[in-house]
1. Quick test for you: out of SER414, SER380, pick the one residue that is of a type in the set (S, T, N, Q), open to solvent by less than 10 Å² (accessible area, probe 1.4 Å), part of a loop (DSSP other than H, G, I, E, B) and in contact (Cβ under 8 Å) with a residue 60 or more places away in the chain.
2. Restricting to the stretch 131-180, name every residue that is of a type in the set (A, V, I, L, M, F, W, C) and free of Cβ contacts under 8 Å to residues at least 40 places away in the same chain.
3. Regarding LEU430, is this residue open to solvent by 70 Å² or more (accessible area, probe 1.4 Å), within 30 Å of LEU287 (Cβ to Cβ) and assigned to a helix (DSSP H, G or I)?
4. Scan the stretch 209-218 and give yes if some residue there is part of a helix (DSSP H, G or I) and at pLDDT 90 or above, otherwise no.
5. Would you pick out the residues in the stretch 424-481 that are within 22 Å of ILE338 (Cα to Cα) and of a type in the set (Phe, Trp, Tyr)?
6. Give the residues of the stretch 482-492 that are over 19 Å from LEU341 (Cα atoms) and out of contact with any helix residue (DSSP H, G or I) (no Cβ under 8 Å at 6 or more places or on another chain), sorted by residue number.
7. Looking only at the stretch 321-359, count how many residues are loosely packed, with under 15 Cβ neighbours inside 10 Å and either in contact with a Ser or Thr (Cβ under 6 Å, 6 or more places away or on another chain) or part of a loop (DSSP other than H, G, I, E, B) (or both).
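The values are calculated or read from the model by the stated rules, or taken from the named source; none is laboratory data. Since this is a predicted model, take the numbers as computed values, not measurements. Cβ placement follows ideal geometry from the backbone for every residue including glycine, while neighbour counts extend to all protein chains displayed. Quick note on the areas: whole protein, heavy atoms, side chains included, nothing else; ligands and nucleic acids left out. Shrake-Rupley method; radii C 1.70, N 1.55, O 1.52, S 1.80 Å.
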Amino acid sequence: MVGHTKNELIVPSLSTVSSINRIKIVTQHEYFEPYPTVKDWFKKKINNPKQKIKHYFQSYLPFLDWIYRYNFVWLSNDLIAGLTVGAIVIPQGMAYAGLAKLAPQFGLYTSFIGAMIYCFFATSKDISIGPVTVMSALTGSIVDAIHRDYPKYESHIIASTLSLISGCIVFILGMFRLGFIVDFIPLPALTAFMTGSALNIIVGQIPIMMGNNKYLNTHESIYLIFGHFWKQIQHCNLNAVFGLTTLILLYLIRFICIHSSKRYPKYEKIFFFISTLRIVFVILLFLFISWLINRHNPDHPRISILGKIPRGFQNLGIPYIDRTLLNALTSYLPSTVIVLLIEHIAVAKSFGRINNYTIDSNQELIAIGVINIFGPFFGSYPATGSFSRTAIKSKAGVRTPLAGLFTGLLIILSIYVLTGIFYWISQACLAAVIIHAIGDVIVGRETLKRFWQINPIEFFIFLFGVLATIFSTIEIGIYITIISSIVLLLFRMAKVHGKFIGRVEIQQMKLNFNSYSHITTRNIYIPFDHSDGSNPNIIPISSSNNGIFIYRLNESFLYPNINYYMEHFIEHIFHETKPDKINRYNSIGEQPWNLKINHHSEENDQRPYLYAIILDFTGVIHLDITSLQNLVDIREQLDSYANKKIHWHFVGLSNPWMKRALISVGFGSSDQDHTTFSLAKVHDRNEDVILVPILDINRPFFHIDLDEAYEVAMNSLNQQEISVVSRDDMT
């Protein structure tokens, strides 16, 4: 930071103080910052429109960017991963269809569409699209509710229409690049919804697994189902043997494979595939047992079995929709869209970070939208990303999204060839598969402990969301967690804290063995209340003794928080300074009714007069009309309080539109000749050092850092005091 000098200077070399070499330094003061205009903004946004339009439509089919590089190595990995996921999704799809209150074949249809279509629109290689537990359970509750009110609509028609409409909404969100709205759903809300839904599903599946579901009303809240289950425990039958044994075997195989892979790392890949395909092995085992005990009397089986599953796609056609059904579904669309979005995007981002690639949230919304739009033409219900199958697909070594084609081909094979075998599958075994799959979604003790340690308020949001899901419905649990999270966000925006700060000179030291060496000295600015965790024994230098106040804003300066910011700001200034006149009113009758009595006498008041305000806008990225008008009102209030024009300095204005806004209402410029500003040292082609201004010198109250603003304010104050002394001497 230097003073206003001549255009050429001869100064000692900056490389060494003792050197007598001299270099040529040229200062350039002519820098005028180009402030933004609406015309320039539009020109920047629509620059090269043909290329942007072309890129926009090409982004709809991201597979075009990599398909021409497809090779045999990718093919072999995708084939293994795709077939592995296909073997898993077939029994899972039929099980999850039961959650959706649909026949098993609809789970296969949904699995096929998700696998086949997603690969053309995907930006994630790992995601497996298809039926998932939470979305299936939500679909089932919606199907039940509408079917009770409108019995004329078949369950699969309701589910397909729900998929079509929600798919259109999600597609529109992606088309208009609104994927960022998913970021407004925080982790506690997501985990609460997943945990509550998992508990809801588990409790709903236990009666099916134990065989006494016919004696219960499964449409009740889960706490009622759980209580009634124990009342009807005597009605459990042979299904309980199948279900419990299936569940125990699934956990036992996983436990053995995990510990065996650690003990024998050489065979880790083998143990992985055994663990991954354990559902297939166990289902086949109990399918064989079911066939043995029921083959002589298939019409009256001793356990609950799936029964006849039609071969092929029996529900191909245009989805049915009318005004009545559309109106009935309207109230359920928000929760459906939310589940489609958050479950898919959360899984995609998670595995993108694990495998070191990024996803395009907007394109993922388009992919989900397309799948759920075209799926109903094949008879599918709402589908989204599955965490468990995605983890399997990733661990199996998938290389591209094309692995979904192999998954889809295996599903087609099962639809046309294996439906006769599916007849004997035990429903209790499928319920055990669901319980086993959804159990991993429940938040563990360590995660709960971390939530509590990080933020107790968000921990209670999580807790209330889980309880709402347990004692009401999944939809209400979703709404409560999201609304409470948004309310917390708005509260934090409105109740942000600004801090008055002071300067501290610090010395950076380096430890060399048993001694310290000095590296550099610099200034930092810390809050007077040490709320940032700084050492309370450090007392910052207070510029308020001279009537100069430094105020740091920690968030954007917007209409929700402007009053909270400025109330603290004004109150502190009035407390630390004295007005130009203690008594501005000639009589009591002229005083306003809400005037606060000042207990400081004019003779003994040692407080300074207000001179300047320094606002640290380093943390501010947005400034709106309401907050700016409030700032103008406060400027007028303080000018009246001090009976003079107060200097306002702004530091760290990173957005040129904020500078434009401040200039438009009179901030940033001054009638006085300020001669202190910051120059940057650069080298030209001749190795001459050129000092150029960092900011526009015609805006002397916009500063690059707090040191510059502080020194400018202090220099201006000193010049004013010298001027006053000179006038007194002349008098």
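1. On the way: SER414 fails: part of a loop (DSSP other than H, G, I, E, B).
Checking each option against the conditions leaves just SER380.
2. The first filter runs over the stretch 131-180 and keeps only residues of a type in the set (A, V, I, L, M, F, W, C), leaving 132, 134-135, 137-138, 142-143, 145-146, 157-159, 162, 164-165, 168-173, 175-176, 178, 180.
Result: PHE176, single match.
3. Working: open to solvent by 70 Å² or more (accessible area, probe 1.4 Å): no; within 30 Å of LEU287 (Cβ to Cβ): yes; assigned to a helix (DSSP H, G or I): yes.
Judged against the criteria, LEU430 is not a match.
4. The first filter runs over the stretch 209-218 and keeps only residues part of a helix (DSSP H, G or I), leaving 209-210, 213-215.
In the following step, the residues that additionally are at pLDDT 90 or above were identified as 209-210.
Yes.
5. PHE459, PHE460, PHE462, PHE464, PHE471, TYR479 - these are the residues of the stretch 424-481 that are within 22 Å of ILE338 (Cα to Cα) and of a type in the set (Phe, Trp, Tyr).
6. We begin by selecting, within the stretch 482-492, every residue over 19 Å from LEU341 (Cα atoms); these are 487-492.
Result: VAL487, LEU490, PHE491, ARG492.
7. 6
Per-residue answers, yes or no, for (1) within 17 Å of ILE279 (Cα to Cα); (2) acidic (Asp, Glu):
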residue: LEU410; (1), (2): yes, no
residue: VAL417; (1), (2): no, no
residue: LEU430; (1), (2): yes, no
residue: ILE442; (1), (2): no, no
residue: TRP452; (1), (2): no, no
residue: GLU458; (1), (2): no, yes
residue: PHE464; (1), (2): no, no
residue: ALA468; (1), (2): no, no
